[in-house]
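Participant: First the structure, which I've put down as structure tokens, then a few questions once you've had a look.
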Amino acid sequence: MPIVLIIAEQQPDGHLRKATFNAIGAGKQLADKAGGELHVALVGKDPGKVADELKGYGAKAVHVGAAPELEHYLAETYAPALATLAQELKADYVGMASTAQGKDLMPRLAARLRAAMATDVMAFNGGGADVTFSRPMWAGNVFAEVKLTTPVKVFTLRATEFTAAQGGQGAAEVKTFTPKVEASKTKFVDFKEVKSARPELTEARVVVSGGRGTKGDFKEIEALADELGAAVGASRAVCDAGWVPNDLQVGQTGKVVAPALYIAAGISGAIQHLAGMKSSKTIVAINKDPEAPIFQVADYGIVADLFKVLPELRAELGKLK
Amino acid sequence: MKILVTAKRVEDPESKIKVKPDGSGIVQEGLKYKINPFDEIGVEEGLRLVAKHQGEVVVVSIGGKEVQEQLRHALAMGAHRAVWVNHTGPLDQLGIAGLLQKVVEKEKPDMVILGKQSIDDDQNQVGQYLAEFLGWGQATFASKVESLESEQEKNKVPALVVGADGKTVRVVREVDNGLATLECQLPAIVTTDLRLNQPRYASLPGIMKAKSKPIEELTPAKLGVDVTPAIQVLKMSAPPARKAGIKVADVPALVEKLHNEAKVV
């Protein structure tokens, strides 16, 4: 029976990253299509506490590997730890959400398993032994149907394309294993968190993004975001200019988001930005230039100065309460 | 110090990519080609490191004879010499990493700097595969703390910091919710994110000099690598189009639509 192994991820604060549950939902879909069973793995210094949280999401088993050397995430230590588990389980498919950690780790793990890999998978097609992967190429301008011919198949998942697994699906067996520990040529030095009271960009229901048109003044963007309980995003141009931190960047080379409502203010809509947000349910564009490409993907557009529109929009939204 | 950088040939990021009606690939007519923008950042970082620590930048590309254009571009920026792995036909990331592994074993660089992904396949895999194949440390998505309009950037200060003993490199990485710093023993693999540096333009003397810089030709057979792909692209299609939207006259009209039609506020 095909075995699907999904790797769970802990944030630096110890909590499970939300995208992990989308990845588990995707893993369940794949297991159903392939006629196999779903397993989940979590490794770290002391992952036992949060591993219990993974029990009720439809996996056959949750595999927990603890070692003091795994305190800080490093691809070089996590890859061997997870490769031995994948080999012991004879996993056919090994996947993880396309987070920064997923993108860093999975190719290294794939290399260890001599497996071919598909990045940013959006859907599984076919069934049985012939499951294929749908994934974006050329900044989302092309969708490709991809087949991996190695015995083990590795992938990362675009979390916004998969519904998160729901809890309460019976209790998976929690099994501990001893991860293989290898000396690392890389040392963790530090992690500087960018703290924000707003929701995480990839998890928010509403995103308000600013571009060049803001000229670096994000006050109105932030005020509207706070009115809506939204996350703040930005185009590549404003991140490159250093006006806002780069982790706010929405786009093929930044974060891919798919909120219920995406408001783009002063963003022209370069191909690479559109690739990061065009799966949003409703898109609003505010731009002075009526020819801006952003209007081609927007459900509702206003041709006007964002500094006039945003305060007015905030006031009008306030009236709805 | 010797730094190996990559220069993949890709479609110009500004060009409009269209899928062929039969889904067998993209329409090639009228496309322009460039060095992968992430690789160009890698070339720039290599040049800055060598300007600071002495040494040599070697650029490698894989493909038919047309990839010599991208190699010449990197040589015109200032790279010292080039390696061309002559190969036409399909190639996947396992194949690319396998070829690069052999080039690295031959060249023995202190560091390999690659783009974190190429803007055609968008796979984001080769650097990590290569690091594992070589048993080296990896620091992916290298970034800098300062902005691309900072003094450091204007003065072309490298963002990668090599230790005083020349045995380590310190790399700031862009990760979820912040910046992580790693220290890798050399030799190491680094992959670049967009905010690592602003690549220089090739100068006219640079372009002239590049013409006489050596390009060594290798092949997969010479390197002893089987590059039969394990990734098959069965079909390509255009992403589903969004239905055409409307322009609204003013803010009250917008809020009315968002509230009553889209029901998102």
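The values are calculated or read from the model by the stated rules, or taken from the named source; none is laboratory data. Every value quoted in this text rests on a predicted model; they were computed, and no experiment measured them. Backbone-built Cβ (ideal geometry, glycine too); neighbour counts: all protein chains shown. The protein model used for the area step is the full one, side chains on, heavy atoms only, and it has no ligands, DNA or RNA in it. Shrake-Rupley method; radii C 1.70, N 1.55, O 1.52, S 1.80 Å.
Participant: Quick check: is even one residue across segment A:235-243 within 17 Å of the chain's Cα centre (by Cα), in a helix (DSSP H, G or I), facing chain B (nearest Cβ under 9 Å) and without any contact (Cβ under 8 Å) to a residue 12 or more places away in the chain? Lay out the reasoning, then the answer.
Facilitator: Taking segment A:235-243 and keeping what is within 17 Å of the chain's Cα centre (by Cα), we get none.
Checked segment A:235-243: no residue is within 17 Å of the chain's Cα centre (by Cα), in a helix (DSSP H, G or I), facing chain B (nearest Cβ under 9 Å) and without any contact (Cβ under 8 Å) to a residue 12 or more places away in the chain.
Participant: Please give the number of the condition B:ALA131 fails out of (1) touching a residue at least 60 places away in the same chain (Cβ under 8 Å); (2) touching a strand residue (DSSP E or B) at 6+ places or on another chain (Cβ under 6 Å); (3) outside any strand (DSSP E or B).
Facilitator: (1)
Participant: In segment A:187-234, which residues are part of a loop (DSSP other than H, G, I, E, B) and crowded, with 22+ Cβ neighbours inside 10 Å?
Facilitator: Applying the first criterion (part of a loop (DSSP other than H, G, I, E, B)) to segment A:187-234 yields A:194-200, A:204-205, A:211, A:215-218, A:229-230.
Across segment A:187-234, the qualifying residues are A:ALA204, A:GLY211, A:ALA230.
Participant: Right, another one. Output yes when any residue across segment A:14-37 is part of a strand (DSSP E or B), in contact with a Lys or Arg (Cβ under 9 Å, 6 or more places away or on another chain) and not polar (S, T, N, Q), and no when none is. Let's see the steps before the verdict.
Facilitator: Here is the first cut: in segment A:14-37, the residues part of a strand (DSSP E or B) are A:16, A:37.
Within this subset, residues satisfying the condition of being in contact with a Lys or Arg (Cβ under 9 Å, 6 or more places away or on another chain) are A:37.
Pick out the ones that are also not polar (S, T, N, Q) and you get A:37.
Yes: segment A:14-37 contains one or more residues that are part of a strand (DSSP E or B), in contact with a Lys or Arg (Cβ under 9 Å, 6 or more places away or on another chain) and not polar (S, T, N, Q).
Participant: Test A:ALA164 against the stated conditions and say whether it is aliphatic (A, V, I, L, M), outside any strand (DSSP E or B) and not assigned by TED's automatic domain parsing to the domain that holds A:VAL43.
Facilitator: Numbers: aliphatic (A, V, I, L, M): yes; outside any strand (DSSP E or B): yes; not assigned by TED's automatic domain parsing to the domain that holds A:VAL43: no.
Here the answer is no, as A:ALA164 does not meet what is asked.
Participant: Another question about this same structure. On the basis of being part of a loop (DSSP other than H, G, I, E, B) and either in contact with a helix residue (DSSP H, G or I) (Cβ under 9 Å, 6 or more places away or on another chain) or under 30 Å from B:LYS65 (Cβ atoms) (or both), does B:LEU179 make the cut? Talk me through it step by step, then tell me what you get.
Facilitator: On the way: part of a loop (DSSP other than H, G, I, E, B): no; either in contact with a helix residue (DSSP H, G or I) (Cβ under 9 Å, 6 or more places away or on another chain) or under 30 Å from B:LYS65 (Cβ atoms) (or both): yes.
No: the conditions fail for B:LEU179.
Participant: Among the strands (runs of 3 or more DSSP E) confined wholly to segment A:103-146, which include 2 or more residues that are at the interface with chain B (Cβ under 7 Å from one of its Cβ atoms) and in contact with a Leu (Cβ under 9 Å, 6 or more places away or on another chain)?
Facilitator: A:116-121
Participant: So A:GLY229 passes all but one of these: (1) in contact (Cβ under 8 Å) with a residue 60 or more places away in the chain; (2) at positive phi. Which condition number does it fail?
Facilitator: If we test A:GLY229 against (1) in contact (Cβ under 8 Å) with a residue 60 or more places away in the chain; (2) at positive phi, just (1) comes out false.
Participant: Could you tell me how many of the residues in segment A:173-203 are more than 11 Å from chain B (Cβ to nearest Cβ), in contact (Cβ under 8 Å) with a residue 60 or more places away in the chain and touching a helix residue (DSSP H, G or I) at 6+ places or on another chain (Cβ under 7 Å)?
Facilitator: Total satisfying the criteria: 5.
Participant: Just checking, which of A:THR149, A:THR132, A:THR84 is of a type in the set (Val, Ile, Thr), open to solvent by 10 Å² or more (accessible area, probe 1.4 Å) and in contact with a Gly (Cβ under 6 Å, 6 or more places away or on another chain)? Explain how you work it out, then say what you get.
Facilitator: Values: A:THR149 fails: in contact with a Gly (Cβ under 6 Å, 6 or more places away or on another chain); A:THR84 fails: in contact with a Gly (Cβ under 6 Å, 6 or more places away or on another chain).
Being of a type in the set (Val, Ile, Thr), open to solvent by 10 Å² or more (accessible area, probe 1.4 Å) and in contact with a Gly (Cβ under 6 Å, 6 or more places away or on another chain) holds for just one of A:THR149, A:THR132, A:THR84, which is A:THR132.
Participant: More than 18 Å from B:ALA262 (Cβ to Cβ) and of a type in the set (Lys, Arg), is that true of A:LYS281?
Facilitator: Details: more than 18 Å from B:ALA262 (Cβ to Cβ): no; of a type in the set (Lys, Arg): yes.
It is false that A:LYS281 is more than 18 Å from B:ALA262 (Cβ to Cβ) and of a type in the set (Lys, Arg).
Participant: Moving on. Here are A:ALA115, A:ALA111: which of them is open to solvent by less than 10 Å² (accessible area, probe 1.4 Å), in contact with a strand residue (DSSP E or B) (Cβ under 8 Å, 6 or more places away or on another chain), within 19 Å of B:LEU100 (Cα to Cα) and assigned by TED's automatic domain parsing to the domain that holds A:LEU42?
Facilitator: After applying the criteria, what remains is A:ALA115.
Participant: Continuing with this model, one more query. Scanning for something in contact (Cβ under 8 Å) with a residue 40 or more places away in the chain, assigned to a helix (DSSP H, G or I) and closer than 22 Å to B:LYS243 by Cβ, does segment A:286-299 turn up at least one residue?
Facilitator: No, segment A:286-299 contains no residue that is in contact (Cβ under 8 Å) with a residue 40 or more places away in the chain, assigned to a helix (DSSP H, G or I) and closer than 22 Å to B:LYS243 by Cβ.
For (1) within 7 Å of chain A (Cβ to nearest Cβ); (2) in contact with a helix residue (DSSP H, G or I) (Cβ under 8 Å, 6 or more places away or on another chain), each residue gets a yes or a no:
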residue	(1), (2)
B:SER118	no, yes
B:GLN125	yes, yes
B:GLN128	yes, yes
B:GLY137	yes, yes
B:ALA142	no, yes
B:GLU153	no, no
B:PRO158	no, yes
B:VAL162	no, yes
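Participant: So for segment B:152-168 (the condition being crowded, with 18+ Cβ neighbours inside 10 Å, modelled with pLDDT of 95 or more and part of a strand (DSSP E or B)), does at least one residue qualify?
Facilitator: yes
Each row is one residue, and each column tells you yes or no for (1) touching a Pro at 6+ places or on another chain (Cβ under 6 Å); (2) among the basic types (Lys, Arg); (3) open to solvent by 10 Å² or more (accessible area, probe 1.4 Å).
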{"position": "B:LEU4", "(1), (2), (3)": "yes, no, no"}
{"position": "B:VAL10", "(1), (2), (3)": "no, no, no"}
{"position": "B:GLY23", "(1), (2), (3)": "no, no, no"}
{"position": "B:LEU31", "(1), (2), (3)": "no, no, yes"}
{"position": "B:LYS34", "(1), (2), (3)": "no, yes, yes"}
{"position": "B:GLY46", "(1), (2), (3)": "no, no, no"}
{"position": "B:HIS53", "(1), (2), (3)": "no, no, yes"}
{"position": "B:SER61", "(1), (2), (3)": "no, no, no"}
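Participant: Could you check segment B:228-263 and list, in sequence order, the residues that are charged (D, E, K, R) and either within 7 Å of another protein chain (Cβ to nearest Cβ) or buried (at least 17 other Cβ atoms within 10 Å of the Cβ) (or both)?
Facilitator: From segment B:228-263, those charged (D, E, K, R) are B:235, B:242-243, B:247, B:250, B:256-257, B:261, B:263; that's our starting set.
Selection gives B:LYS235, B:ARG242, B:LYS247, B:LYS257.
Participant: Out of the residues in segment A:244-290 meeting the condition of being modelled with pLDDT under 95, farther than 16 Å from B:ASP193 by Cα and open to solvent by 30 Å² or more (accessible area, probe 1.4 Å), tell me which one is farthest from the other protein chains (Cβ to nearest Cβ).
Facilitator: Only one residue tops the list, namely A:ALA258.
Participant: Evaluate the following for A:GLU76: is it at the interface with another protein chain (Cβ under 9 Å from one of its Cβ atoms), in contact with a helix residue (DSSP H, G or I) (Cβ under 8 Å, 6 or more places away or on another chain) and either over 27 Å from B:LYS16 (Cα atoms) or part of a helix (DSSP H, G or I) (or both)?
Facilitator: Details: at the interface with another protein chain (Cβ under 9 Å from one of its Cβ atoms): yes; in contact with a helix residue (DSSP H, G or I) (Cβ under 8 Å, 6 or more places away or on another chain): yes; either over 27 Å from B:LYS16 (Cα atoms) or part of a helix (DSSP H, G or I) (or both): yes.
In short, yes.
Participant: Scan segment B:176-227 residue by residue and report those that are facing chain A (nearest Cβ under 9 Å), over 21 Å from B:VAL5 (Cα atoms) and open to solvent by 40 Å² or more (accessible area, probe 1.4 Å).
Facilitator: Hit for segment B:176-227 is B:LEU179, nothing else.
Participant: Right, here's the next one. Specify the residue that is nearest to A:GLU200 (Cα to Cα); the eligible residues are those in segment A:1-20 that are open to solvent by less than 30 Å² (accessible area, probe 1.4 Å) and not aliphatic (A, V, I, L, M). Step through it out loud before you land on a result.
Facilitator: Going residue by residue through segment A:1-20, those that are open to solvent by less than 30 Å² (accessible area, probe 1.4 Å) are A:3-9, A:14, A:16-17, A:19-20.
Keeping just the survivors that are not aliphatic (A, V, I, L, M) gives A:9, A:14, A:17, A:20.
Numbers: A:GLU9: 16, A:GLY14: 16, A:ARG17: 11, A:THR20: 14 Å.
It comes out as A:ARG17.
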